[in-house]
Amino acid sequence: MDVQAAESDKEIIELMSPFATEIPEYVPFSAWHEHAPFAFWLTAALKPACFVELGAHNGYSYMAVCQLVKLLGLPTRAYAVDTWEGDDHASFYGEEVIQNLRAVHDPKYGAFSRLLRMRFDQALPSFPDASIDLLHIDGRHGYEDVCEDFYSWQSKVSTRGVVLFHDTNVRERGFGVWQLWAELKDKYPSFEFLHGHGLGVLCVGRDVPKSILRLTQLNDQQIARIRAFYWSLGSRISEIHLLRNTEADLWRRFGEANAMIAELQGLQTRSEADLRKLSSDLAQEQQNVVGAMEQTESLASQLKLMEQSRSWRFALRLQKIAAAMPAPVRKIVQKML
C-alpha cells in the first residue's frame, strides 16, 4: 500500500513541474487567467514544434505559451489566428485590441511568433497536414462553430498533437463547447479542468509524450488533486490581475491628482500675477491722477496770474488815457478803476 502511495505521489509530482509556478508577464483581462499554470506545464512537457491558437483576442493564453517557449529556448513556431474584430460571445471591439497586443508581442516574441489576421478557414491552407503539435481552439463557442473548427483542423494535428478546448464547463449564452467535448472525451485520451470556465485537454496524436498521457490515466483521487493544484495556482493569477489593475488604477488616480494640483497651482500663480499686475496698474493710475491734479493746479495758477497781469496792464493803460481827458471824464474813469 505504501509503495502504491509512493508511486501515486510520484505521478502527481511529475504533473506539477516547477514551470507550472511561473508568473505570466502579460496579464490583460481574460477568461483564461486560471489556465496559464497548466499551459506552462504543457508547453514544457510537449515542447511543440508548431503551436497554433484559433481565437487569440487579447492574446493572454497565446502569450503564456510563447513565454515558456522563449524561457526554454524551444525551436517552436507559433501562430495566432484571429480577425481581431470580436464576435457575439467575446463581444465586438476596435483596433485598439490588436494594436495593444502587437505592442507587447512583437518586441518579445516576434522572432518565432506571428499574428495572422484572418479567418480560420483562410489560414487553414497555410499549414501542412500533421504539422501542428499544439492546437488551442478558442474561437466562436456555439456547437456548430466549434465542431467546424475541430474537424476542419483535425488533419493538421501531428502524431504528437494535443488539442485544447476552452469553455468546456460553460452551459449558458448558447455555448456549445461542452457538447462537442462530451462527444470527443471518450474517443481520445483526455482530461478536463473544471475551473476557469473549463479546459479540455485532448490527446489526438498517437505519439503524445508519456508525461502528458499520464494526465489522462489518473484515478479519481489523483484527478481531484491535480484539479485542486492547478485551480490554486490559477486563482493566484486572477489575484495578480486584480492587484495589477488596482495598482494601475491607483497610479492613474495619483497622476490625475497631481495634474489637478499642478493646475490649481498654475491658477494660483496666475491669480497672484494678475493681482500684482492689478495692484501695479492701480498704483500707476493713482500716480497719473496725482500728476494730473498737480498739472491742473499749475495751469490754474498760471491762468490766474495771466488774468491778474492782463487786469493790471489794462488799468494802467486806462489811467494813461484818462489823464489826457477832461476832468469830468477823468473822475468817472478813476471811479471805474
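The values are calculated or read from the model by the stated rules, or taken from the named source; none is laboratory data. Just so it is clear, the structure is predicted and the values come from calculations on it, not from any experiment. Using ideal geometry, Cβ is built from the backbone for each residue, glycine included, and neighbour counts are taken over all protein chains shown. Just so you know, the surface numbers come from the protein's heavy atoms only, side chains and all, with ligands and any DNA or RNA stripped out. Shrake-Rupley method; radii C 1.70, N 1.55, O 1.52, S 1.80 Å.
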Residues within the stretch 123-167 that are in contact with a Pro (Cβ under 7 Å, 6 or more places away or on another chain) and small (Gly, Ala, Ser), tallied:
0
Take residues that are over 30 Å from the mean Cα position of the chain (by Cα) and tell me which of the helices (runs of 4 or more DSSP H) falling wholly in the stretch 116-190 contain 3 or more.
143-153, 177-184
Scanning for something more than 28 Å from the chain's Cα centre (by Cα) and at pLDDT below 95, does the stretch 92-105 turn up at least one residue?
no
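Does the stretch 11-46 hold any residues that are of a type in the set (A, V, I, L, M), closer than 20 Å to Ser238 by Cα and assigned to a helix (DSSP H, G or I), and which are they?
Ala20, Ala36, Ala39, Leu42 - these are the residues of the stretch 11-46 that are of a type in the set (A, V, I, L, M), closer than 20 Å to Ser238 by Cα and assigned to a helix (DSSP H, G or I).
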Charged (D, E, K, R) and in contact (Cβ under 8 Å) with a residue 60 or more places away in the chain - does that describe any residue in the stretch 165-184?
yes
So, of the residues in the stretch 118-138 that are touching a residue at least 12 places away in the same chain (Cβ under 8 Å) and farther than 27 Å from Asp207 by Cβ, which turns out to be most open to solvent (accessible area, probe 1.4 Å)?
Arg119
From Leu101, Leu68, Leu115, Leu42, grab the single residue that is within 26 Å of Phe150 (Cα to Cα), touching a residue at least 40 places away in the same chain (Cβ under 8 Å) and in contact with a helix residue (DSSP H, G or I) (Cβ under 6 Å, 6 or more places away or on another chain).
Leu68
Inter-residue pairs, beta-carbon under 8 Å, first touching a residue at least 12 places away in the same chain (Cβ under 8 Å) and in the stretch 260-284, second not polar (S, T, N, Q), 6+ apart:
none
Selection within the stretch 193-222 - open to solvent by less than 30 Å² (accessible area, probe 1.4 Å) and without any contact (Cβ under 8 Å) to a residue 40 or more places away in the chain:
Gly198, Gly200
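Inspect the stretch 219-226 for any residue being assigned to a helix (DSSP H, G or I) and of a type in the set (S, T, N, Q) and give the result as yes or no. Before you say what the answer is, go through the steps one by one.
Pass one, the stretch 219-226, residues assigned to a helix (DSSP H, G or I): 220-226.
Retained after the next criterion (residues that are of a type in the set (S, T, N, Q)): 221-222.
Looking through the stretch 219-226, at least one residue is assigned to a helix (DSSP H, G or I) and of a type in the set (S, T, N, Q).
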Residue that is farthest from Leu72 (Cα to Cα) [pool: residues in the stretch 23-37 that are surrounded by fewer than 20 Cβ atoms within 10 Å (Cβ to Cβ) and not small (Gly, Ala, Ser)]
Phe29
Over the stretch 47-65, the set of residues crowded, with 24+ Cβ neighbours inside 10 Å and assigned to a helix (DSSP H, G or I) is Ser61, Tyr62, Met63, Ala64, Val65
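I'd like to know if the stretch 287-303 contains one or more residues that are in contact with a His (Cβ under 6 Å, 6 or more places away or on another chain) and at pLDDT 70 or above.
no
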Kindly check whether there is at least one residue in the stretch 185-192 that is among the aromatic types (Phe, Trp, Tyr) and under 25 Å from Pro24 (Cβ atoms).
yes
Name the residues in the stretch 150-173 that are charged (D, E, K, R), open to solvent by less than 30 Å² (accessible area, probe 1.4 Å) and farther than 12 Å from Val52 by Cα, would you?
Asp167
Taking Ser235 as meeting all but one of (1) in contact with a helix residue (DSSP H, G or I) (Cβ under 6 Å, 6 or more places away or on another chain); (2) at pLDDT below 95, write down the number of the exception.
(1)
Looking at (1) crowded, with 23+ Cβ neighbours inside 10 Å; (2) within 22 Å of Ile212 (Cβ to Cβ), which one does His141 not meet, given that it meets all the others?
(2)
